[in-house]
Amino acid sequence: MEIIRTQSHEKLELRLRGRLDASWADHLGKAIDDAIRAGSHQIELNFAQVDYLSSAGLRLILKYYKQLKAVQGRLAITQPSGGAFTILKMAGFAEMMITAAPPVVPASAGAEPVRVEKSGATFQVFNQAPGAQLQCTLIGQPGKFFNGGFQAADCVSVALPSGTFGLGLGAFGSGFDDCRERFGEFVAVAGTAATLPTDGSGVPDFVVTEEAFVPELKVLYALVGKGQFSQMLRFDAKAGVIGLGDLVDAALEISGAAAAGFAILTETAGLVGAALRRSPGRADAASPLAFPGVRDWLSFTTERTTERNLALIAGIASREPPAQVAPFVRRIAPGACAHGHFHAALFPYRPVQRGELHLDQAIGALLGADRAQTLLHLLADDRQFEGVGQSEFMRGACWIGPIAEFLAQST
């Protein structure tokens with residue numbers, strides 16, 4: 001099969017020639033998948049010279065039709081040959097997919113977003129809750145991870161309903177003794193919380209708010225934000241990728257905030273970070289970073305991992321962290337202006353819908369389709385010669401809210 005690509009503004013046409021059978025379905029699938037990952041959400045398949053489709057071909061185009069429809073995109077078939085039209089009609093695809101012209105998209109009733117170019121990316125700024133501010137509670141003493149370990153007195157219960165976000169070390173369970181062997185990274189956004197248990201399973205666990213049932217974690221330390229995010233920033237990297245440090249610096253500058261909370265839904269180009277292998281609540285956790293035992297306690301990404309995945313990230317950043325915040329943050333990347341702390345939940349790749357998104361709806365759609373594969377504490381690897389740098393993203397949505405105050409909650 002021959003595939004000819006023609007790009008016209010936001011629309012991509014793939015002109016096909018030959019048989020769309022099992023031997024060529026994967027070939028076409030890769031072409032469509034590459035186009036979506038490159039940012040094309042309006043795709044037309046020109047079937048003028050396609051004379052046959054097998055079930056493999058039909059299943060393939062249905063898969064991508066559903067994927068693009070889920071993000072308000074479009075996959076359509078144009079100019080089908082007589083043979084292709086007959087097969088599409090018998091399969092029930094004709095009315096659904098065949099089109100003579102792109103549908104008319106109604107203009108948005110809201111204000112046009114402000115466009116800004118910074119840090120090698122184009123941003124669209126949507127003011128979703130002008131003037132809204134966040135409150136961030138600092139729970140526990142993260143320094144105990146490096147010196148002495150955590151005890152039962154350090155364990156705190158934290159509820160994370162809609163309207164909150166959080167990250168830190170925690171587990172689902174009834175108390176310290178129940179969670180002792182499972183404490184690990186957690187991330188929570190919009191009434192959903194996910195943890196990476198350190199009991200050897202390697203399978204993230206999660207709880208989604210259902211009416212009065214809300215996620216509640218036992219945490220050893222945490223950053224918990226409450227309130228509305230004031231802005232949503234759509235970003236597209238002009239040179240292909242934007243680093244976490246550059247994204248955070250640009251978002252802080254656009255928002256005008258000295259410190260802010262973040263929720264980010266992004267198509268990744270590669271992530272750099274670490275995850276616990278053993279629980280810091282264990283009795284033998286007095287010095288987990290001592291060499292060579294650190295290898296048993298922590299899993300590091302020695303090279304960028306999880307390329308082309310979807311990541312849900314929560315965190316905070318501050319240009320000049322107050323003294324009480326400093327133990328919870330570190331410089332995001334070499335050369336970055338801000339210090340921060342970010343955790344990511346990784347999902348199978350799917351494109352992020354374009355245009356304005358509302359956080360609760362976006363997270364609901366994500367969890368309705370997939371479940372997290374793993375969690376990472378995002379870090380910059382700035383080792384000379386060996387370091388792999390920072391996490392990088394291609395495009396996505398970033399919700400940001402200025403932090404009005406930090407409150408310390410002791411354990």
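7 Å from Cα along Cα→Cβ at both residue 320 and residue 81: what's the point-to-point distance in nm?
So the label points at residue 320 and residue 81 sit 7.0 nm apart.
In percent, what relative contact order does the stretch 1-160 have, based on Cα pairs under 8 Å that are 6 or more apart in sequence?
Values: 181 pairs, mean separation 24.8, N = 160.
Computed over the stretch 1-160, the figure is 15 percent.
Using unit Cβ charges (K, R positive; D, E negative) and no other charged atoms, how large, in debye to the nearest 20, is the dipole of the stretch 136-240 about its Cα centre? Don't jump to the answer; show the numbers that get you there.
On the way: 7 positive and 11 negative charges, 94 e Å.
For this selection, approximately 460 debye.
Using 0.36 nm times the number of residues separating residue 49 and residue 213, minus their current alpha carbon distance, what extension gain do you get?
Length gained, residue 49 through residue 213: 53.5 nm.
Ignoring any ligand, DNA or RNA, what whole percent of the accessible area of the stretch 177-295 comes from carbon and sulfur when the probe is 1.4 angstrom?
The nonpolar share, carbon plus sulfur, comes to 50 percent.
Ordering 55, 391 from largest to smallest accessible area (1.4 angstrom probe), what's the sequence?
Greatest to least solvent exposure: 55, 391.
Which of 30/69; 63/226; 30/66; 66/226; 144/218 have a Cα-Cα distance over 27 Å? Don't skip to the end; give the middle numbers.
Working: 30/69 18 Å; 63/226 38 Å; 30/66 16 Å; 66/226 35 Å; 144/218 16 Å.
From 30/69; 63/226; 30/66; 66/226; 144/218, over 27 Å: 63/226; 66/226.
Can you tell me how much longer the chain between residue 409 and residue 89 gets when fully stretched, taken as 0.36 nm per residue apart minus their C-alpha distance, in nm with one decimal?
108.8 nm
If contacts are Cα pairs under 8 angstrom and at least 6 residues apart, what is the relative contact order of the chain in percent?
19
Where the eigenvalues come from the Cα gyration tensor of the stretch 14-173, what are the semi-axes √(5λ) of the equivalent ellipsoid, largest first, in whole Å?
49, 24, 15
If we count every other residue with Cβ under 13 angstrom of residue 139's Cβ, Lys/Arg +1 and Asp/Glu -1, where does the sum land?
Cβ neighbours under 13 Å give a net charge of +2.
When the accessible area of the stretch 337-411 is split by element with a 1.4 Å probe, what percent falls to carbon and sulfur?
Here carbon and sulfur together make up 47 percent of the probe-accessible area.
With labels modelled as points extended 7 Å from the Cα through the Cβ direction, what inter-label distance (nm, one decimal) is found for residue 147 paired with residue 6?
Between residue 147 and residue 6, the label points sit 6.8 nm apart.
Cα-Cα pairs above 16 Å in the stretch 113-175: how many percent?
For the stretch 113-175, the share of Cα pairs beyond 16 Å comes to 67 percent.
Using only the C-alpha atoms of the stretch 10-72, find the volume of their convex hull and express it per residue in Å³.
71
Could you give me the percent of Cα pairs per 10 Å distance bin for the chain, shortest bin first, beginning at zero and ending with the bin that holds the maximum distance?
The distribution over the chain is 5, 21, 28, 22, 14, 8, 2, 0, given as percents.
Between the DSSP loop rule and a limit of at most 12 other Cβ atoms within 10 Å, which chymotrypsin sites (Phe, Trp or Tyr not before Pro) in the stretch 312-411 are left?
Answer by residue number: 385.
Only loop residues by DSSP count here, and only those with at most 14 other Cβ atoms within 10 Å; note down the trypsin sites (Lys or Arg not before Pro) in the stretch 222-287 that meet that.
Sparse-neighbourhood loop trypsin sites (Lys or Arg not before Pro): 238.
Specify which residue in the list 409, 93, 257 is farthest towards the positive end of the charge dipole of the chain, using unit charges on the beta carbon of Lys, Arg (+1) and Asp, Glu (-1), about the Cα centre.
93
In debye, nearest 20: dipole of the stretch 192-237 around its Cα centre with unit charges on the Cβ of K, R (+) and D, E (-)?
240
Solvent-accessible area of residue 246, probe 1.4 Å, all protein chains present, reported in Å² to the nearest ten, please.
For residue 246, solvent-accessible area is about 70 Å².
Accessible area per residue of the chain at 1.4 Å probe, in Å²?
45
Given the Cα-Cα distance of residue 274 and residue 382 and 0.36 nm per residue of separation, how much length would full extension add, in nm? Could you put the intermediate results ahead of the total?
Working: separation 108, 0.36 × 108 = 38.88 nm, distance 1.38 nm.
Full-extension gain reported as 37.5 nm.
With a 1.4 Å probe and all protein chains in place, put 230, 174, 119 in order of accessible area, largest first.
On the way: 230 10, 174 100, 119 60 Å².
The ranking, largest first, comes out as 174, 119, 230.
Classify the stretch 312-411: rounded, prolate or oblate, from the alpha-carbon gyration tensor (a ≥ b ≥ c, eigenvalue square roots; a/c under 1.5 rounded; otherwise prolate if a/b is larger than b/c)?
The shape class here is oblate.
On a 0 to 90° scale, report how tilted helix 22-37 is relative to the longest principal axis of the chain, with both axes built from alpha carbons and the result rounded to the nearest 10.
50
The values are calculated or read from the model by the stated rules, or taken from the named source; none is laboratory data. As the structure is a prediction and not an experimental result, all values here were calculated from the model. Heads up, the Cβs are rebuilt from the backbone with ideal geometry, glycines too, and the neighbour counts pull from every protein chain shown. Side chains are part of the model used for accessible areas, which takes the heavy atoms of the whole protein and leaves out ligands, DNA and RNA. Shrake-Rupley method; radii C 1.70, N 1.55, O 1.52, S 1.80 Å.
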